[in-house]
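Shown next, in C-alpha cells, is the structure this report addresses.
The values are calculated or read from the model by the stated rules, or taken from the named source; none is laboratory data. None of the values given here were measured: they were computed from a predicted structure. Neighbour counts are summed over all protein chains in view; Cβ atoms, including those assigned to glycine, are modelled from backbone coordinates with ideal geometry. We work out accessible area using only protein heavy atoms, side chains counted, and drop any ligands, DNA or RNA first. Shrake-Rupley method; radii C 1.70, N 1.55, O 1.52, S 1.80 Å.
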Amino acid sequence: MDMHTVVVGTSGATAADVIAVARENARVELSDDARTALAAARSIVDALAARPEPVYGVSTGFGALASRHIGQELRGRLQRNIVRSHAAGMGPRVEREVVRALMFLRLKTVCSGHTGVRPEVAQTMADVLNAGITPVVHEYGSLGCSGDLAPLSHCALTLMGEGDAEGPDGRTRPAGELLAEHGIAPVELREKEGLALLNGTDGMLGMLLMALDDLQRLYVSADITAALSLEALLGTDKVLAPELHAIRPHPGQSVSAANMAAVLKGSGLVGHFQQDEAPRVQDAYSVRCAPQVAGAGRDTLAHARLVAERELAAAVDNPVVLPAEGRVESNGNFHGAPIAYALDFLAIVAADLGSIAERRTDRLLDKNRSHGLPPFLADDPGVDSGLMIAQYTQAALVSEMKRLAVPASVDSIPSSAMQEDHVSMGWSAARKLRTAVDALGRIIAVELYAATRAVELRRGLTPAPASRAAVDALRAAGVQGPGPDRFLAPDLEAAAVFVREGRLIEAVERVTGPLG
C-alpha cells in the first residue's frame, strides 16, 4: 500500500524520498517544472542531432567506439543496442528495494533537465515504479564507473518491454507482459536516451542511503546494549559524565555517552564494582571506551551522509546537457569514487562496532571476568552450556565483517579497451556493506540477548527503568530469559528482528525520551 506521494522536481531528492519509494512503495509523480526542464533539454539534443558534426552519445558510438559517426537511420537502433548489450549482469538477483532505489534515483537525474531524455520516457519510468514492476537486476556487472552500467541497463531493458521483471505479486515474468497488463507502452528510444538511462551512480547511492538509514538505528541500539552490558557487569557510569566528553569534543562521542547515561539512569546495579572482593579501579576498554568507539562511528555516518546529500543534489550523466549554454558536453561525473570511499569507510566502522560488542558479550560469559555471573550465563553450568555457542556465532559474524571491511575502492580493473582505465568499484563496496549491516544487526542482537539475561541474573539488584523496559519488550517479543538450555537459534533470530525493526529503541525511548 502506498504510504504517500513523492514529487520529483528538477533539484534533486531527499534521502527520505528514496527510502519512501524503495522501502515503502511511495507513489512517484513528476512536477510541472520537471516536465518543462525535460522538454527544454530535449530540444537541445534534437537540434544537435540534426547537425552533420558528431556529438558523443547523440550521433556517435560509445566508450572506445566513440570515434564512429552514426547516421540518423541507425540512431534508434544504436540506443536500443547499448541497453541490450550492457544488460550483461550475472549472479543472484539484487533485492527489490535496491532496484527501486536505483530506478527512482535515475528518474531523479533524468528530471534535472541535464540528460536530454524526453518527458514521456521519464513518465514511463514513474509508471513502472508506481505499478510495482521491478526489473531483474543481477549482483555482478557494475565497476562503479560510467555509472552502474549493467544494473541500470537491466532497468532500461524493462522500459523497452524486454527482459524479465518481477510483478507486484512477486512473480518473475517477461517485462513486456507486465507492462501490457498495467497499460504501460514500451518506450522507443531516441538519440542519447539509451545512454542517459544507464550512465549514473544510482545503485551505489541508493544502497548508501539505505545503509545510513539502517546504521543510524543500529548505532542507537548499540548504545543501549553497551549500557545493558555495563550494568550487568556492575560497572561504573561515571565515565559517561558529559564533562569528560566535552574535553574531547568529537560530536558522536558525546551523543553515545549521553545515550548510555540515559539508559542507565536510576540503575541499582552500576557502581557495585568497588564492592567486589578484588575491587576494580576501572572497567575494561570494551565497556569504558564504548562511547569513543561508537561515537567515532557516528561521526563517520555524518560524513557519509554529507557525501550522499551532495550526490543526491547532483545530475550524473555523460554527456550532460547544459541548457543555459545550449551545449552537450562529455565529463567524468559518473565516476563513483566519492560514494565508494564513503561506503568502504562505513564498512570499517561497522566492523569495529561489531568487534567491541562481541568483546562485551564474551566478558559477560566468562566467570573470571563477569564479576559473579554464572559461566556462560548457564542455568546449571556443566549440564547446561548456556550462551557459549551464541558467542561463537557472534564471533563468526565479527570475523566476516572484518573481511568485508577490506576496501573495494582501492581496486581498479581497466575496461573498454583501456578507455575506462580507472574505475571505482563502488557497486561492490555497496554490496559488501549491505552484508556487513545485516551482520552488525545480528551481532548487536546477540549482545542484547546476553546482556538482558545477565541483568536478570543479578537478583536482588534493581536495573534501570529503561533497562527493565528493554528486557520486558524483548520477552514480550517471544525471546526467553534465563533457564535451562533450549533450541537457541529461534531466540537469536527473534532478537535480530527485534533490533532490526527498531523495537529495542522504541521500548527504551518510552522511558528515556528520544535518544540521539
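Rg over Rh for the stretch 340-408 works out to 1.16, using Cα positions for both radii and the Kirkwood form for Rh.
Label-to-label distance, V281 versus I389, with points set 7 angstrom from Cα along the beta-carbon direction: 4.1 nm.
Note on the stretch 423-516: Cα convex hull, mean projected area over all directions, 7.8 nm². A simple count of charges around A507, restricted to other residues whose Cβ falls under 12 Å of its Cβ and scoring Lys, Arg +1 and Asp, Glu -1, yields 0.
For the chain, the solvent-accessible area with a 1.4 angstrom probe is 40 square angstrom per residue.
Over all Cα atoms in the stretch 242-363, the spread is summed up by Rg and Dmax: 22.4, 81 Å.
Per the Debye calculation on the chain with a single equal scatterer at every Cα and no solvent contribution, log₁₀ I(q)/I(0) for q = 0.07, 0.08, 0.11, 0.13 Å⁻¹ amounts to -0.46, -0.57, -0.91, -1.12.
Both numbers refer to the Cα atoms of the stretch 79-188; Rg and Dmax are 12.8, 35 Å. Each 10 Å bin from zero holds the following percent of Cα-Cα pairs in the stretch 229-271: 30, 52, 18. State the percent of C-alpha pairs, over all pairs in the stretch 176-263, separated by a distance greater than 18 angstrom. Of all Cα-Cα pairs in the stretch 176-263, 67 percent lie more than 18 Å apart.
How about the stretch 277-385: which GluC sites (Glu not before Pro) there are in a DSSP loop, with at most 13 other Cβ atoms within 10 Å of their Cβ? Taking the stretch 277-385 and a limit of 13 other Cβ atoms within 10 Å, the loop GluC sites (Glu not before Pro) found are E277, E325. Cross-linked pairs K402/K432; K108/K432; K238/K367: Cα-Cα separations exceed 19 Å for K108/K432; K238/K367.
Annotation for E506 and E243: the two label points, set 7 Å from Cα along the Cα-Cβ direction, are 4.0 nm apart. Note on the chain: with neighbouring protein chains present and a 1.4 Å probe, carbon and sulfur make up 55 percent of its accessible heavy-atom surface.
What are the aspartates and glutamates whose alpha-carbon lies under 16 Å from the alpha-carbon of K265, with same-chain residues fewer than 8 places away excluded? Correct list for K265: D223, E231, D237, E509.
Note: the stretch 294-388, Cα convex hull, 120 Å³ per residue.
Across q = 0.10 Å⁻¹, the stretch 344-497 modelled as identical point scatterers on its alpha-carbon atoms has Debye log10 I(q)/I(0) values of -0.45, in the order of the q list. Taking 25 °C and 0.890 mPa s as the conditions, I'd like the Stokes-Einstein D for the stretch 122-245 in µm²/s, using the Kirkwood hydrodynamic radius from alpha carbon pairs. Estimated via Stokes-Einstein, D reaches 138 µm²/s. Only helices enter the 222 nm calculation for the chain: every DSSP H run of n ≥ 4 contributes -39,500 (n - 2.57), and dividing by all residues gives -18000 deg cm²/dmol, rounded to 500. Relative to the longest principal axis of the Cα atoms of the chain, the long axis of helix 75-86 makes an angle of roughly 30 degrees.
Just so you know, the Rg over Rh for the stretch 1-106 is 1.07, from Cα atoms, with Rh as the Kirkwood radius. Within the chain, DSSP assigns beta bridges of which about 70% are antiparallel (rounded to the nearest 5). How tilted is helix 119-130 with respect to the longest principal axis of the chain? Cα atoms for both, answer in degrees (0 to 90, nearest 10). Orientation of helix 119-130: about 30 degrees from the principal axis.
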